[in-house]
1. Suppose the filter is under 20 Å from Val64 (Cβ atoms) and either within 18 Å of the chain's Cα centre (by Cα) or surrounded by fewer than 17 Cβ atoms within 10 Å (Cβ to Cβ) (or both); does Ser217 pass it?
2. Every residue in region 147-184 that is in a loop (DSSP other than H, G, I, E, B), at pLDDT 95 or above and either out of contact with any Asp or Glu (no Cβ under 6 Å at 6 or more places or on another chain) or of a type in the set (Gly, Ala, Ser) (or both), please.
3. From the list Ser241, Ser230, pick out the single residue that is in a strand (DSSP E or B), small (Gly, Ala, Ser), touching a residue at least 40 places away in the same chain (Cβ under 8 Å) and touching a Phe, Trp or Tyr at 6+ places or on another chain (Cβ under 9 Å).
4. Looking at (1) touching an Asp or Glu at 6+ places or on another chain (Cβ under 7 Å); (2) over 26 Å from Lys139 (Cβ atoms); (3) of a type in the set (Val, Ile, Thr), which is the one condition that is false for Thr5?
5. Could you identify the single residue in Ala32, Ala18, Ala48 that is over 21 Å from the mean Cα position of the chain (by Cα), within 26 Å of His100 (Cα to Cα) and not in a loop (DSSP other than H, G, I, E, B)?
6. From the list Thr101, Thr71, pick out the single residue that is out of contact with any Gly (no Cβ under 6 Å at 6 or more places or on another chain) and among the polar types (S, T, N, Q).
7. Do the conditions hold for Arg286, that is, is it out of contact with any Cys (no Cβ under 6 Å at 6 or more places or on another chain) and surrounded by 16 or more Cβ atoms within 10 Å (Cβ to Cβ)?
8. Taking Glu260 as the residue in question, decide whether it is of a type in the set (D, E, K, R), at negative phi, modelled with pLDDT of 95 or more and under 19 Å from the mean Cα position of the chain (by Cα).
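The values are calculated or read from the model by the stated rules, or taken from the named source; none is laboratory data. All of these numbers come straight from a predicted model, not from anything done at the bench. Neighbour counts are summed over all protein chains in view; Cβ atoms, including those assigned to glycine, are modelled from backbone coordinates with ideal geometry.
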Amino acid sequence: MNRVTDELLRMVSDFTGAFKGAFNIRENGECAGRQSTDNIKIESKPNAPGLVVHIRPGTKGETVYIPACVTQGNINDLVYNDFYVGEGADVTIVAGCGVHTEDEGEATHNGIHRFFLEKNARIVYREKHVGTGGGTGQKRIDPVTEATLAQGASLEMDTVQLGGVDETYRKTWAKLAANARLVVRERIMTDGDEHARTDFEVTLAGEDSGCDLVSRSVARGQSHQEFYSSIKGLTRCAGHSECDAILAENGTVTASPALEASHVDAALIHEAAIGKIAGEQILKLRTLGLTEQEAEEKIIEGFLR
């Protein structure tokens with residue numbers, strides 16, 4: 001494992017020199033370390049790059065780490081990871097990704113994660129993305145998440161991208177059975193000429209299933225962001241999506257929600273708010289001794305927390 005990988009791991013996956021429990025470290029398309037536990041088995045896919053992760057029914061309180069790092073240009077890393085989560089399990093998955101280049105070569109990671117949650121299983125999924133390096137090559141991360149939730153299952157996704165990624169296309173697809181729940185908290189910051197696109201597509205197929213999709217973002221410089229969400233309610237269910245974005249300098253944001261209710265008891269809501277930081281917020285902080293720039297940074301920090 002090289003020095004850049006070590007630095008990226010500390011940024012995206014709470015790495016402190018070693019992982020406790022199950023983990024797989026991916027470095028430039030290769031495995032740089034792996035460990036399973038009695039309850040969480042990590043194996044290589046037989047016919048494609050990636051992993052098969054089996055979490056035993058009833059597993060509680062464990063964390064599995066699957067970070068991926070691209071540490072040089074001219075690498076386009078593609079990985080397929082499948083997670084099979086047994087009935088009643090309750091675990092955390094940390095899947096950070098960092099891309100780094102010091103030359104004109106592009107550093108790209110494409111992670112396709114599929115989750116299969118059995119009855120009453122619960123997953124907390126944390127994903128942090130970052131781009132680093134002084135090279136001119138593009139730094140790109142394109143994550144795809146597909147989730148199938150059985151009765152009573154729960155998936156909570158906390159995804160963060162706060163700098164350095166030139167291009168990202170983030171896709172999330174989910175289908176929920178009865179009483180299943182999906183919660184997504186997405187935070188994105190773009191700057192310069194960076195571009196970020198988010199697509200959510202959720203089908204609430206089972207009675208009393210529900211989803212809550214919230215995206216908060218800041219577009220600075222000349223950057224552009226796109227937010228698309230689609231929630232389909234096929235039965236009695238509750239779905240909510242929300243896009244809140246702050247514009248700074250010449251940043252731009254578009255939001256395109258779609259709601260499709262196919263049942264009289266499907267309750268679906270979308271909210272969106274896009275605009276600059278209110279002047280009175282900055283003025284209030286300036287009365288406390290902050291400069292205008294410091295006040296803006298403090299507001300953005302709180303907004304993306």
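1. For Ser217, the condition - under 20 Å from Val64 (Cβ atoms) and either within 18 Å of the chain's Cα centre (by Cα) or surrounded by fewer than 17 Cβ atoms within 10 Å (Cβ to Cβ) (or both) - is not met.
2. Scanning region 147-184 gives Ala150, Gln151, Gly152, Ala153, Val165, Ala177, Ala178, Ala180.
3. Ser241
4. Here Thr5 meets the rest and fails (2).
5. The unique qualifying residue is Ala32.
6. That would be Thr71, the only listed residue that is out of contact with any Gly (no Cβ under 6 Å at 6 or more places or on another chain) and among the polar types (S, T, N, Q).
7. no
8. No: the conditions fail for Glu260.
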